[in-house]
Amino acid sequence: MGITVLLGTFLVFVVIGIPLCYSLGASAAAYFIIAKPAFMGIFAQRIWSGSCSYVLIALPLFILAGELMNNGGITRRILDFSLYLVRPIRGGLGEVNVIASMIFGGITGSSVADTSAIGSVLVPEMERAGYHKGFSAGVTVASSTMGMIIPPSIPMLLYAMVSGASVGSLFLAGLIPGILIGVSQMTLVWMISKKRGYHPEPTPFDRSDFVKTAKDGVLALLMPVIIVLSVSFGIATASESAGVAVLYAALLGFFVYRELDMGQLREILKKTVLSSSAVMFVVGFSTIYVWILSVEQVPATVGNFLLNLDVDRIWILLLLDLIILLVGTFVDVAPAILLLCPILLPVMRGIGVGELQFGAIMITGLAIGLVTPPVGMCLNACNKICRMSITSIFMNALPFILCNLLVLLLVTFVPAVSTWLPALAR
């Protein structure tokens, strides 16, 4: 009866349009009220304990670092540096879009922030240069998926909290898959640009301008290097490195580029609090929901069912990939990680897949959900920039999403793609 109440009320709340995090919390409350009234005191206790994780201190700090970047001129300088690198080749602005996403994602750890910051600058510029608007939007949303794969990554922090895996090792596990997605998308941009005749843009070389742009670009690029190396080699925790990222972004914005002022700081802090609190609501309500599933032994039941299937290991891996993709299509990244990890991780361990490889599989798979309807957070962000329908943006992004799918299969069936770097760093 308990699990029927839990799942039934959750589906009803979702169907009538209640936001997912509140649907999780309300269905968990209904479970205690109807099925386990004597244990109602556990409800608040579990929500609080789920939100009080030391790892989660890094979450608002990374969000704050991203806001400081956008307002302090760091994002624009990353784009300028990327323009100097690849603009002169065929499809150069499309290549810039992908490279900037790789760099920007390696600083903020947020794909939606990537779409908003880079899309608002590059999509209009690509249109002025003769690129099709749909192509520009498609490249923007598809390349932004690297934001949550290339370290540092906010979803990886949540996965580390649930799985107990090392944050530093997880960051390294996502590095090669993220780079592979970037390289494959850049190759596709070049192929499409050649077919459609998007010509190279001749850029006169100015030595003094190049030196200034390169210096600013290097200063911005030092941030992800500091974060990843300090966490991966045990110099600092994820929370400490996130604090360093905030300090570094503030110093650049206030004293080096001088584009930040105290008047902007209040609005930046307000956005950070709102974004962080939204994620924390999801974490808290997801925690109590997952706890109830564990009490009702749903993960064990699902795990035993999958492990007892009389099929080859390859088909189980493909089935788990499909589950991740389907859930990612309808559920946002944070609740998907918190719900799927406790259920699927024991299955993965049972077939010989470690938590680092599974983390890379889950993050790479759920990143695709950010650019697939109906949820598609990156699609919605791009829709506000381009004023195109979500369906049209998705269809233009589809060829680039296939690059993500190929890398997902590679991560699934070639463990070294995600485990080689963490093993090398030990």
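Does Y198 count as outside any helix (DSSP H, G or I), touching a Lys or Arg at 6+ places or on another chain (Cβ under 7 Å) and in contact (Cβ under 8 Å) with a residue 12 or more places away in the chain?
Taking the combined requirement at face value, the residue satisfies it.
Would you please name the residue that is surrounded by the most Cβ atoms within 10 Å (Cβ to Cβ), looking only at residues in the stretch 381-426 that are out of contact with any helix residue (DSSP H, G or I) (no Cβ under 8 Å at 6 or more places or on another chain), modelled with pLDDT of 90 or more and in a helix (DSSP H, G or I)?
Looking at residues that are out of contact with any helix residue (DSSP H, G or I) (no Cβ under 8 Å at 6 or more places or on another chain), modelled with pLDDT of 90 or more and in a helix (DSSP H, G or I), I get L402.
Where residues in the stretch 205-237 are assigned to a loop (DSSP other than H, G, I, E, B) and either without any contact (Cβ under 8 Å) to a residue 40 or more places away in the chain or of a type in the set (S, T, N, Q) (or both), which of them is least open to solvent (accessible area, probe 1.4 Å)?
Among them, the one singled out is A236.
Has the stretch 350-364 got at least one residue that is part of a helix (DSSP H, G or I), surrounded by fewer than 21 Cβ atoms within 10 Å (Cβ to Cβ) and aliphatic (A, V, I, L, M)?
Checked the stretch 350-364: no residue is part of a helix (DSSP H, G or I), surrounded by fewer than 21 Cβ atoms within 10 Å (Cβ to Cβ) and aliphatic (A, V, I, L, M).
Report, by residue number, each residue of the stretch 1-41 that is of a type in the set (V, I, T) and surrounded by 16 or more Cβ atoms within 10 Å (Cβ to Cβ).
Result: I3, V5, T9, V14, I18.
When you check L158 against the structure, is it modelled with pLDDT of 85 or more, touching a helix residue (DSSP H, G or I) at 6+ places or on another chain (Cβ under 7 Å) and open to solvent by 20 Å² or more (accessible area, probe 1.4 Å), yes or no?
No, not satisfied.
So for the stretch 170-180 (the condition being part of a helix (DSSP H, G or I), without any contact (Cβ under 8 Å) to a residue 60 or more places away in the chain and of a type in the set (V, I, T)), does at least one residue qualify?
Within the stretch 170-180, the subset part of a helix (DSSP H, G or I) is 170-180.
Adding the requirement that they be without any contact (Cβ under 8 Å) to a residue 60 or more places away in the chain leaves none.
Taking every residue of the stretch 170-180 in turn, none turns out to be part of a helix (DSSP H, G or I), without any contact (Cβ under 8 Å) to a residue 60 or more places away in the chain and of a type in the set (V, I, T).
Take residues that are out of contact with any Asp or Glu (no Cβ under 8 Å at 6 or more places or on another chain) and closer than 30 Å to L222 by Cβ and tell me which of the helices (runs of 4 or more DSSP H) falling wholly in the stretch 1-106 contain 3 or more.
Filter on the stretch 1-106 gives 58-72, 74-86.
Within the stretch 352-392, how many residues turn out to be farther than 30 Å from V414 by Cβ and under 16 Å from the mean Cα position of the chain (by Cα)?
So the count comes out to 3.
The values are calculated or read from the model by the stated rules, or taken from the named source; none is laboratory data. Bear in mind that the values here come from a model prediction, so they are computed numbers and not experimental data. We place every Cβ from the backbone using ideal geometry, glycine too, and count neighbours over all the protein chains shown. Each accessible area value is taken on the protein alone, full model and side chains, heavy atoms only, with ligands, DNA and RNA left out. Shrake-Rupley method; radii C 1.70, N 1.55, O 1.52, S 1.80 Å.
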